[in-house]
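Asks: Structure provided below as C-alpha cells; questions to follow.
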Amino acid sequence: MDVNDFDFELPDRLIAQTPLVDRTASKLMVLDKQTGEVKHRQFRQIIDELDAGDMIVLNDTRVLPARLIGIKEDTGASIEVLLLKETGKDEWETLVKPAKRIKVGTIVTFGDGRLTAECTGVMDQGGRMFKFRYEGIFYEILDALGQMPLPPYITETLDDQSRYQTVFAKERGSAAAPTAGLHFTEEILQAIKDKGIGIEFITLHVGLGTFRPVSVDTIEDHTMHAEYYQVNESTANAINETKANGGNIIAIGTTSARTLETIATENDGKIVASSGWTSIFIYPGYEFSILDGMLTNFHLPKSTLIMLISALATREHVLAAYNEAVKENYRFFSFGDAMFIKPQKK
C-alpha cells in the first residue's frame, strides 16, 4: 500500500498552535464509519453521541517536562537535553542539541548547578546517555527546571504547562501527551459516568517516535517505534465484561487503541492484565479484535496515525472527512479539534 494514498492538503493556518481556553470548546466531527456521513458538533456534546452500556478507555500517562536547557561545564555553551527513557537509577537515554559538543565525560549543569549530568554513552542521531546527580527528589527538580517537549509543529510558547496534560494524567513517563484526552474535564467525565457509560484507564507512555515521519514509499516496509504499556486486572475485567454484555469499546486516542489491540490480538480478543512494549502498526486491512469506536484528534498527512484511523473507518471515509474538516476550518494536531469515529449500535 502506497504512503501517498494517505496524503491530503493541509494549510499551515489550520495547525493549532495554542490550546483553547475551555478544553471542551473544540469542534467535534462525528464520523459514521459505515456510511462516511459526518456531523459537526462541539466537543461538550460528546455525551449525546455515547450510549449507556458502552465504555471509553483513556490513557492516564503523564508527560514529563523533559526538555532541559543547560550549560556545558567547561565552555559555558548552551545545551538542550531531552529526556527519552530512564534506563537505570538516575540514568537516562536522551536527545541532545548540539550533540557534536557532547562526548563521554562531558558534564552539563542545569539550574545553577541544582542538577548536573555526565555523559556516559554516545548513540546515533544525537542520542546520549547521561547519569544525573542532584540533592532531593529528581521529579520535583524536573518539574521546576524542565519544559514540556511540545511537538515540532508547535512553534508558540505554552504559558500554562498543565494544558499539555490531561486532567486525569497520573503515571509519569511520556515524551508527548495523549492528545485526544486533552478535551476532557472532570465535569465531562462525571456526566459520561452518570449516563451509564463505563470509564477505564490504561497506560501507554508516548515516545517521540509518534512524530517520526514514514520515510518509506510502501506502508508495509515501515517499522514502528516501541512504547511501554500497562493494564491492570480490574480494567481488563471491566473491558471484557462490557464486551460480553454487548457494549462498545471506545478508545480515547490512538495510544489507547494500540494498547488494547496489542493485548487483544495476543489473547484471542480478550484483555488481560499485562505490561510490556508494543510496536503494533495498524493500517487498512487490519482486523480489530476489541475496538469498536475511537475519539481522536486530526493527524498529519501520510502519518501512521491517519493510517490507523483509516483501518477503523476506511481510507476513503477518513480522507473525505479530513477534506471536509479543512473546508470547515477545523484545527489540526495536538491542540486541535476532535473526531469521533462512532461505533454501530448493538
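The values are calculated or read from the model by the stated rules, or taken from the named source; none is laboratory data. Small disclaimer: the values here were computed from a predicted structure and weren't measured. Heads up, the Cβs are rebuilt from the backbone with ideal geometry, glycines too, and the neighbour counts pull from every protein chain shown. SASA here: full protein model, heavy atoms, side chains in, ligands and nucleic acids out. Shrake-Rupley method; radii C 1.70, N 1.55, O 1.52, S 1.80 Å.
Asks: Which distance in Å, rounded to a whole number, links the C-alpha centroids of region 244-293 and region 42-103?
Replies: So the two Cα centres are separated by 24 Å.
Asks: Still on this model: Pairs Lys27/Lys193; Lys33/Lys195; Lys27/Lys302; Lys270/Lys342; Lys170/Lys342; Lys72/Lys302: which exceed 31 Å Cα-Cα?
Replies: Lys72/Lys302
Asks: Turning to a different aspect of this structure: How high is the relative contact order of region 77-143? Use alpha-carbon pairs under 8 Å, at least six apart in sequence, and give a whole percent.
Replies: Reported relative contact order: 28 percent.
Asks: Next up: Quickly work out the Tyr286-to-Thr157 label distance, labels modelled 7 Å from Cα along the C-beta direction, and quote it in nm with one decimal.
Replies: 3.9 nm
Asks: Just to be sure I understand, if you calculate semi-axes √(5λ) of the Cα gyration tensor in Å for this structure, which of (1) 35, 22, 20; (2) 69, 24, 14; (3) 32, 21, 20 do you get?
Replies: Working out semi-axes √(5λ) of the Cα gyration tensor in Å from the coordinates points to (1).
Asks: Magnitude of the Cβ-charge dipole of the chain, K/R +1 and D/E -1, about the Cα centre, nearest 20 debye?
Replies: The calculated dipole for the chain is roughly 460 debye.
Asks: In Å², and per residue, what accessible area does the chain have when probed at 1.4 Å with the other protein chains present?
Replies: Solvent-accessible surface per residue comes out at 45 Å².
Asks: Sticking with this one: Please list the three semi-axes, largest first and in whole Å, of the ellipsoid equivalent to region 233-346, using sqrt of 5 times the eigenvalues of its alpha carbon gyration tensor.
Replies: In descending order the semi-axes read 26, 15, 13 Å.
Asks: If a/c stays under 1.5 just call it rounded; otherwise compare a/b with b/c (prolate if a/b is bigger, oblate if not). Do that for region 80-223, with a ≥ b ≥ c from the square roots of the Cα gyration tensor eigenvalues.
Replies: Oblate is the answer for region 80-223, as a/c is 1.5 or above yet b/c matches or exceeds a/b.
Asks: In terms of the Cα gyration tensor, with a ≥ b ≥ c the square roots of its eigenvalues, is region 151-304 rounded because a/c is under 1.5, prolate because a/b exceeds b/c, or oblate?
Replies: Here region 151-304 falls in the oblate category.
Asks: Calculate what fraction, in whole %, of the accessible area of the chain sits on carbon and sulfur atoms when a 1.4 Å probe is rolled over the protein chains.
Replies: Of the solvent-accessible surface of the chain, carbon and sulfur hold 45 percent.
Asks: Between the helical axis of 315-327 and the dominant principal axis of the chain, each derived from Cα atoms, what acute angle in degrees is found, rounded to the nearest 10?
Replies: Its long axis makes an angle of about 70 degrees.
Asks: To the nearest 0.05, how large is the calculated FRET efficiency for Glu328 and Asp221 if R₀ is 35 Å and r is the Cβ-Cβ distance?
Replies: 0.50
Asks: Now, a different point. Which value in deg cm²/dmol, rounded to the nearest 500, describes the helix-derived mean residue ellipticity at 222 nm for the chain, given -39,500 (n - 2.57) per DSSP H run of n ≥ 4 and division by the residue count?
Replies: After summing the helix terms and dividing by residue count, I get -5500 deg cm²/dmol.
Asks: Right, next: Could you size up the charge dipole of region 113-200 around its Cα centre, putting +1 on the beta carbon of Lys and Arg and -1 on that of Asp and Glu, and report it in debye to the nearest 20?
Replies: So the magnitude is around 260 debye.
Asks: Also, quick follow-up: Between Asp74 and Glu171, what length in nm is gained on full extension when 0.36 nm per residue of separation is reduced by their alpha carbon distance?
Replies: That pair, Asp74 and Glu171, stretches by 31.3 nm at full extension.
Asks: Tell me, what is the percent relative contact order of region 1-126, built from C-alpha pairs under 8 Å that lie six or more residues apart?
Replies: 13 percent
Asks: Please determine, in degrees from 0 to 90 and to the nearest 10, the orientation of helix 233-244 with respect to the longest principal axis defined by the Cα atoms of the chain, where the helix direction is its Cα long axis.
Replies: Between the helix axis and the principal axis of the chain, the angle is about 20 degrees.
Asks: Work out the charge dipole of the chain with +1 on the Cβ of Lys and Arg and -1 on the Cβ of Asp and Glu about the Cα centre, then indicate which of Ala77, Val122, Gly209 is farthest towards its positive end.
Replies: The one lying farthest along the dipole's positive direction is Ala77.
Asks: Putting +1 on Lys and Arg Cβ atoms and -1 on Asp and Glu Cβ atoms, find which of Met1, Thr61, Gly36 reaches farthest to the positive end of the dipole of region 1-76.
Replies: Towards the positive end, the residue furthest out is Thr61.
Asks: I would also like to ask the following. Taking Cα atoms, how many degrees apart are the long axis of helix 304-313 and the longest axis of the chain, rounded to 10 and kept between 0 and 90?
Replies: 10 degrees
Asks: Can you pull out the trypsin sites (Lys or Arg not before Pro) in region 90-185 whose DSSP state is coil and whose Cβ has at most 13 other Cβ atoms within 10 Å?
Replies: Lys103, Arg114, Lys170
Asks: If you stretched the chain out fully between Val122 and Asp268, how much longer would it get, using 0.36 nm times the residue separation minus the C-alpha to C-alpha distance?
Replies: Between Val122 and Asp268, full extension yields an extra 48.4 nm.
Asks: What number comes out for the charge environment of Lys27, summing +1 per Lys or Arg and -1 per Asp or Glu over other residues with Cβ under 12 Å away?
Replies: Charge balance in the 12 Å sphere: +1.
Asks: Select from Ile309, Met294, Leu95 the residue farthest towards the positive end of the dipole of the chain; place +1 on Cβ of Lys and Arg, -1 on Cβ of Asp and Glu, and compute about the Cα centre.
Replies: Final value for the positive-end residue is Leu95.
Asks: Rounded to the nearest 20 Debye, what is the dipole magnitude of region 164-230 about its Cα centre when Lys and Arg each give +1 and Asp and Glu each give -1 at the C-beta?
Replies: Around 260 debye, computed over region 164-230.
Asks: OK, next. If each of Phe8 and Arg114 carries a label point 7 Å out from its Cα toward its Cβ, how far apart are those two points in nm?
Replies: Using points 7 Å along Cα→Cβ, the separation is 4.4 nm.
Asks: Do you know the relative contact order of the chain, to the nearest whole percent, from alpha carbon pairs under 8 angstrom that are 6+ apart?
Replies: 26 percent
Asks: For Lys103, give me every one of the aspartates and glutamates with a C-alpha distance below 18 angstrom, ignoring sequence neighbours fewer than eight places off in its own chain.
Replies: Glu73, Asp74, Glu80, Glu91, Glu93, Glu118, Asp124
Asks: Where is the GNM fluctuation largest for the chain (alpha-carbon springs, 10 angstrom cutoff): Gln125, Gln34, Gln147?
Replies: It is Gln125.
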